[in-house]
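Down below is the structure, laid out as structure tokens.
What follows draws every value from the coordinates through simple rules; no lab data is involved. All of these numbers come straight from a predicted model, not from anything done at the bench. For neighbour counting, all protein chains shown are included, and Cβ atoms are generated from backbone atoms with ideal geometry for every residue, glycine included.
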Amino acid sequence: MSSRLTTIVVITLLAGNAWTQETKKPDTPQAATGTGSSNTTNAANNPANPTITVDLQNYFTPSPAGYSGRAENLAYLRVSVPVDKFGLHQYIRTILPISTTPIVQGGPDTGAGDLTVYDFLLNQFRGTTIGAGPLIEAPTARGIDYGPGKWQAGAAGILLTPHSWGLLGVLPTYAHSFSGNSSSRAGQSLTVQPLVHYNFPRGFYFRSTGVWCFETYSHVDYIPVGLGGGKVWKRPNGDLINLYFEPQYSVYETGSTAPRWQIYGGVTLKIPIRGQQTER
């Protein structure tokens with residue numbers, strides 16, 4: 001199973017590398033506005049900015065609901081590739097979670113979760129990026145404690161407005177199971193991620209990006225609110241490096257393993273396409 005997942009990630013990266021050989025069309029939706037440092041910071045934080053993007057992100061949860069004294073850890077590898085074909089501006093994102101669960105007692109407690117792929121079709125309306133597209137989740141999870149064990153399908157969307165001071169937006173996703181192990185739980189999941197970024201000089205910024213989660217597989221719901229910050233560096237070749245840290249507190253949570261507190265952090269690398277400026 002791990003070799004298949006590795007192959008998927010490698011293929012995605014190779015496809016993105018090949019795509020960099022093409023010249024970007026001038027009418028591609030712009031990702032941010034502003035000037036100077038603020039503009040670069042917007043580009044680094046915009047999830048729809050048309051660059052090849054690699055995210056390494058991690059959530060650490062001490063004492064989740066029902067498991068006092070234990071800890072849960074959820075890491076994500078996200079690889080995003082812009083595709084500009086036939087006059088359509090798309091952004092394909094592949095997400096692989098690696099989870100350390102507090103549920104398992106004895107033996108290995110870390111494994112891969114379900115592989116998610118979704119495709120935004122992007123457009124611009126009065127300076128606001130609007131996108132939506134299909135989503136599919138493959139049952140690649142190690143076991144029932146790491147994923148529902150079923151194929152899921154749904155949709156993902158993005159609504160994002162850049163400003164000279166930062167970014168404001170929301171990213172919703174929805175998925176519903178439709179096939180898989182008959183003994184596995186069926187259900188649906190909904191996530192809503194508000195995005196609030198406020199820029200400071202020299203690439204520093206404030207962020208609040210807690211992901212609201214609602215799912216019926218194990219009836220775990222929670223609404224976290226984050227207060228954190230980050231720093232963006234622009235390399236001479238145009239690559240953007242974004243390092244961030246954001247503690248999050250759940251103003252509402254219910255269900256076993258729901259977090260009251262979680263510590264979120266990560267690093268994002270954005271690689272610009274040839275002939276394209278990342279300061280947008």
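Some points to look at:
- For the stretch 163-178, 3J(HN,Hα) per residue [Karplus equation, 6.51 cos²θ - 1.76 cosθ + 1.60, θ = phi - 60°, Hz, x = Gly/Pro]: 9, 5, 8, x, 10, 9, x, 8, 10, x, 9, 9, 9, 9, 5, 9
- Sorting 109-118, 231-240, 170-179 by their mean Cβ neighbour count within 10 Å, with the most densely packed peptide first, gives 109-118, 170-179, 231-240.
- Using 0.36 nm per residue and subtracting the Cα-Cα separation, the extra length available between T216 and T128 on full extension is 28.4 nm.
- Three principal axis extents of the stretch 82-175 based on alpha-carbon atoms, in descending order, are 55, 34, 19 Å.
- The modelled label-to-label distance for the pair L168/I241, using points 7 Å beyond Cα in the direction of Cβ, is 3.3 nm.
- Amide N proximity, the stretch 37-52 versus R202 label position 7 Å along Cα-to-Cβ, cut-off under 16 Å: 37-38, 41
- Extension gain for the segment L190 to A155, taken as residue separation times 0.36 nm less the Cα-Cα distance, is 11.6 nm to one decimal.
- Length added when fully stretched, I136-Y252, from 0.36 nm per residue minus Cα-Cα: 39.0 nm
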